Amino acid sequence: MIKIKAFRTTQNQESSELFADGHEQVLRDFGVEKVTSADRSWMKNPNVYVITVENEDSSKVYGGARIHVVGDENEKLPVQDAVGEMDGDIHSMVKADIPIGVGELCALWNAKEIRGSGVSTFLTKASVAKAGVKIANLLKINILWVLCAPYTVGMVEKAGFEVVRSLGNDGQFPYPKPDLPATVLRLSDTDDLSKASDKERKEIMSLRKDPKQELVEKGPKGELIVSYDLYIEDL
């Protein structure tokens, strides 16, 4: 069994540290020493939420993702810091999204121990489940951005994201380095998920309506018991 839980970063510094340590190790494994999403200043930002994959006693973090919510027009999303110098149009696009609620799914990673088990898909579903405005205990996000590696583009597209082809080279940037390019995608309707696959939409909506549930998830390596706790205190 693994646990997937959500929390505001300022509510759980210990798990935030474990998340950051694991993320940085994965980046080093890929030969990346520094990327904008690895900056730890987010730990003091109350508009940042973390979703972690942990073992049963929460002593080890196997993976996770962060959701950054823009509080006002003076804030920037990590994707803006990452690719803004290569294509400044992203700044105006994000700014236009602020009035209706915008955030970013970033720093999605998983450790070697569980790689290939489908955890990245579970994390994406959990993250999108927390975005939205119509149901209580959601993050009031209508628009969700993501910057992801080529091998995860198809995964996030199933959750309703679309490649922003007007940016970069048909949506792609040589980031964090030329041999590890990344693609910018945007989910424009977090409540309805009109572009998501039927399977993903059904599963995301289930997690949204019931943020605490135990499921038998099917991944590439077989079935895995996942205990979800996506309820965020004081939200």
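So Val184 passes all but one of these: (1) within 15 Å of the chain's Cα centre (by Cα); (2) hydrophobic (A, V, I, L, M, F, W, C); (3) open to solvent by 20 Å² or more (accessible area, probe 1.4 Å). Which condition number does it fail?
So Val184 meets the others, but not (3).
Looking at (1) more than 22 Å from Val48 (Cβ to Cβ); (2) open to solvent by 30 Å² or more (accessible area, probe 1.4 Å); (3) touching a helix residue (DSSP H, G or I) at 6+ places or on another chain (Cβ under 7 Å); (4) not charged (D, E, K, R), which is the one condition that is false for Ala196?
(2)
Would you check if there is a residue in segment 54-61 being under 24 Å from Ile204 (Cβ atoms) and either in contact with a Cys (Cβ under 8 Å, 6 or more places away or on another chain) or crowded, with 17+ Cβ neighbours inside 10 Å (or both)?
Yes, because at least one residue in segment 54-61 is under 24 Å from Ile204 (Cβ atoms) and either in contact with a Cys (Cβ under 8 Å, 6 or more places away or on another chain) or crowded, with 17+ Cβ neighbours inside 10 Å (or both).
Within the bounds of segment 133-145, is there any residue that is in a helix (DSSP H, G or I), at pLDDT 95 or above and under 24 Å from Gln213 (Cβ atoms)? Please lay out each step first, then the result.
Looking only at segment 133-145, we keep the residues that are in a helix (DSSP H, G or I), and these are none.
Looking through segment 133-145, none of the residues is in a helix (DSSP H, G or I), at pLDDT 95 or above and under 24 Å from Gln213 (Cβ atoms).
Would you confirm, using the coordinates I've provided, whether Ala6 is of a type outside the set (S, T, N, Q), closer than 29 Å to Ala96 by Cα and either open to solvent by less than 20 Å² (accessible area, probe 1.4 Å) or not in a helix (DSSP H, G or I) (or both)?
yes
For segment 152-179, give me the residue count where each residue is at pLDDT below 95 and in contact with a helix residue (DSSP H, G or I) (Cβ under 9 Å, 6 or more places away or on another chain).
Counting residues in segment 152-179 that are at pLDDT below 95 and in contact with a helix residue (DSSP H, G or I) (Cβ under 9 Å, 6 or more places away or on another chain) gives 3.
State the number of residues belonging to segment 82-93 that are surrounded by 14 or more Cβ atoms within 10 Å (Cβ to Cβ) and among the small types (Gly, Ala, Ser).
Within segment 82-93, residues that are surrounded by 14 or more Cβ atoms within 10 Å (Cβ to Cβ) and among the small types (Gly, Ala, Ser) number 2.
Looking at segment 38-52, I want the residues that are closer than 16 Å to Glu233 by Cα and have a partner that is among the hydrophobic types (A, V, I, L, M, F, W, C) and at pLDDT below 95 with Cβ atoms under 8 Å, at least 6 apart or on another chain. Which pairs are those?
Val48/Trp42; Val50/Phe19; Thr52/Leu18; Thr52/Phe19; Thr52/Val61
Can you pull out the residues in segment 118-160 that are open to solvent by 20 Å² or more (accessible area, probe 1.4 Å), of a type in the set (Gly, Ala, Ser) and touching a residue at least 24 places away in the same chain (Cβ under 8 Å)?
Ser120, Ala149
Within segment 31-53, work out how many residues are at pLDDT 90 or above and exposed (fewer than 13 other Cβ atoms within 10 Å of the Cβ). I'd like the intermediate steps shown before the answer.
Applying the first criterion (at pLDDT 90 or above) to segment 31-53 yields 42-53.
Those left that are additionally exposed (fewer than 13 other Cβ atoms within 10 Å of the Cβ): 44, 46.
Residues in segment 31-53 being at pLDDT 90 or above and exposed (fewer than 13 other Cβ atoms within 10 Å of the Cβ): 2 in total.
If you scan segment 62-80, which residues turn out to be out of contact with any strand residue (DSSP E or B) (no Cβ under 7 Å at 6 or more places or on another chain) and surrounded by 14 or more Cβ atoms within 10 Å (Cβ to Cβ)?
Those that are out of contact with any strand residue (DSSP E or B) (no Cβ under 7 Å at 6 or more places or on another chain) and surrounded by 14 or more Cβ atoms within 10 Å (Cβ to Cβ): Glu75, Lys76, Gln80.
What's the total number of residues in segment 161-181 that are outside any strand (DSSP E or B), at negative phi and surrounded by 14 or more Cβ atoms within 10 Å (Cβ to Cβ)?
Residues that pass the stated criteria total 3.
Does Ile114 qualify as being aliphatic (A, V, I, L, M), touching a strand residue (DSSP E or B) at 6+ places or on another chain (Cβ under 7 Å) and buried (at least 23 other Cβ atoms within 10 Å of the Cβ)?
On the way: aliphatic (A, V, I, L, M): yes; touching a strand residue (DSSP E or B) at 6+ places or on another chain (Cβ under 7 Å): yes; buried (at least 23 other Cβ atoms within 10 Å of the Cβ): no.
When the stated conditions are applied, Ile114 does not pass them.
Which of the following residues is closer than 20 Å to Val133 by Cβ and in contact (Cβ under 8 Å) with a residue 60 or more places away in the chain: Lys209, Lys195, Lys177?
Exactly one residue qualifies, and that residue is Lys209.
Does Arg208 count as basic (Lys, Arg) and part of a loop (DSSP other than H, G, I, E, B)?
In short, no.
Could you please let me know if Ala96 is surrounded by fewer than 16 Cβ atoms within 10 Å (Cβ to Cβ) and of a type in the set (Gly, Ala, Ser)?
yes
The values are calculated or read from the model by the stated rules, or taken from the named source; none is laboratory data. This one's a predicted model, so the numbers in the text were calculated from it and none came from an experiment. Glycine also receives a Cβ, built like all others from the backbone with ideal geometry; neighbour counts cover every protein chain displayed. Note: areas computed on protein heavy atoms with side chains; ligands, DNA, RNA excluded. Shrake-Rupley method; radii C 1.70, N 1.55, O 1.52, S 1.80 Å.
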